[in-house]
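A quick write-up on the structure given underneath.
The values are calculated or read from the model by the stated rules, or taken from the named source; none is laboratory data. Given the structure is predicted, the values throughout are model-derived calculations rather than measurements. Every residue, glycine among them, receives a Cβ derived from its backbone with ideal geometry; neighbour counts consider all protein chains shown.
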Amino acid sequence: MNLNHIHHVAIICSDYQKSKHFYTKVLNLPIIKETYREERDSYKLDLAVGAHNQIELFSFPNSPKRLSYPEAQGLRHLAFLVQNVEEAKAELEFNGISVEPIRLDDTTGKRFTFFPDPDGLPIELYEQ
């Protein structure tokens, strides 16, 4: 088996319109395709992350909440690579998003920070 790269990360949200706004307007991710699946009363929004990766944003009625932040088993957090973590943090804060203080990765010496999506999913910004 030869794994080339991560194709997508799937996220289930509690409020589709709120999350759609967050990912497309605040994080500026372009929409690839939006699908409403009537039989499931569910939306699926495919978003581009760079040239090769995607986020699939799903809505499902009555989906359970995340157990903890971020130490529940399973996906710990979603991380995006940015040119300048300070500028990205300032842009998020300008849009009303609460962002943690910038930290330094002891292993790589790179700067990073975390902020929550509308459902509390931890998202990391990691500096190139």
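Every residue in the range 35-52 that is touching a Phe, Trp or Tyr at 6+ places or on another chain (Cβ under 9 Å) and either in a strand (DSSP E or B) or under 22 Å from SER98 (Cβ atoms) (or both), please.
Correct list: THR35, TYR36, ARG37, SER42, TYR43, LYS44, LEU45, LEU47, VAL49.
Has the range 92-102 got at least one residue that is in contact with a Gly (Cβ under 7 Å, 6 or more places away or on another chain), hydroxyl-bearing (Ser, Thr, Tyr) and either in a loop (DSSP other than H, G, I, E, B) or at pLDDT 95 or above (or both)?
The answer is no; no qualifying residue exists.
For a quick check of your reading of the model, give me the residue pairs whose first member lies in the range 98-120 and is closer than 18 Å to HIS21 by Cβ, whose second is at pLDDT 95 or above and surrounded by fewer than 16 Cβ atoms within 10 Å (Cβ to Cβ), with beta-carbon atoms closer than 6 Å and at least 6 apart or on different chains.
VAL99/GLU93; PRO118/LYS18
Would you mind finding the one in LEU47, LEU81, LEU27 that is in contact with a helix residue (DSSP H, G or I) (Cβ under 7 Å, 6 or more places away or on another chain), closer than 20 Å to PHE115 by Cα and modelled with pLDDT of 90 or more? Break it down stepwise before answering.
Details: LEU81 fails: in contact with a helix residue (DSSP H, G or I) (Cβ under 7 Å, 6 or more places away or on another chain); LEU27 fails: in contact with a helix residue (DSSP H, G or I) (Cβ under 7 Å, 6 or more places away or on another chain).
Of the residues listed, the single one that is in contact with a helix residue (DSSP H, G or I) (Cβ under 7 Å, 6 or more places away or on another chain), closer than 20 Å to PHE115 by Cα and modelled with pLDDT of 90 or more is LEU47.
Yes/no per residue for (1) within 17 Å of VAL9 (Cα to Cα); (2) of a type outside the set (Val, Ile, Thr); (3) within 13 Å of the chain's Cα centre (by Cα):
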| residue | (1), (2), (3) |
| --- | --- |
| ILE55 | yes, no, yes |
| ILE102 | no, no, no |
| ASP106 | no, yes, no |
| ILE123 | yes, no, yes |
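Give the residues of the range 9-26 that are touching a strand residue (DSSP E or B) at 6+ places or on another chain (Cβ under 8 Å), within 17 Å of ILE123 (Cα to Cα) and either in a helix (DSSP H, G or I) or free of Cβ contacts under 8 Å to residues at least 12 places away in the same chain (or both), sorted by residue number.
Passing the criteria: SER19, LYS20, TYR23, THR24.
SER63 is checked against (1) at pLDDT below 95; (2) touching a strand residue (DSSP E or B) at 6+ places or on another chain (Cβ under 6 Å); (3) under 25 Å from THR113 (Cα atoms) and fails just one. What number does that condition carry?
It fails just one condition, (3).
For ILE32, all conditions in the list (1) outside the structural domain of LEU104 (by TED's automatic domain parsing); (2) in a strand (DSSP E or B); (3) at pLDDT below 95; (4) among the aliphatic types (A, V, I, L, M) hold save one; what is the number of the exception?
So the condition that ILE32 fails would be (3).
Looking at the structure I just gave you, is GLU56 closer than 21 Å to LEU125 by Cβ, acidic (Asp, Glu) and at pLDDT 90 or above?
The answer is yes for GLU56.
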